[in-house]
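Note sheet for the following structure.
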Amino acid sequence: MTDNNQNEDELMSPTYSRATLLIAASLFIGFCLLVFFLPQIMLAIGGDNAWVAGSVIAAVLVLPFIGLWLRGRMRGGNDET
């Protein structure tokens, strides 16, 4: 019975390398900084044009999803074969 519990614990808590955790933390901090400074970036790029400022915010919201989609395709997660 303890072997079954040990296998469940291993499945529930994956181990990650230090490099993976550092990269994930740096990406998270970078995205947080981007979102924090986003109003100033929108004003600097957009100026008086609301469409340009709106496209900046759209790009910031869509790019993480595109990155995750590309990462999934590179890792072989595409099941449409």
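Rolling a 1.4 Å probe across all protein chains gives LEU27 an accessible area of roughly 120 Å². Accessible area of PHE65 (1.4 Å probe, protein heavy atoms only, ligands and nucleic acids ignored): about 150 Å². Phi angles across region 26-37 convert, under the Karplus curve 6.51 cos²θ - 1.76 cosθ + 1.60 with θ = phi - 60°, into 3J(HN,Hα) values of 5, 5, 5, 5, x, 5, 4, 5, 4, 5, 5, 8 Hz, Gly and Pro given as x.
Across region 53-60, computed HN-Hα scalar couplings (Karplus, 6.51 cos²θ - 1.76 cosθ + 1.60, θ = phi - 60°) run 5, x, 5, 5, 5, 5, 5, 5 Hz from first to last residue, x flagging Gly and Pro.
The values are calculated or read from the model by the stated rules, or taken from the named source; none is laboratory data. Source: prediction; values computed, not measured. SASA here: full protein model, heavy atoms, side chains in, ligands and nucleic acids out. Shrake-Rupley method; radii C 1.70, N 1.55, O 1.52, S 1.80 Å.
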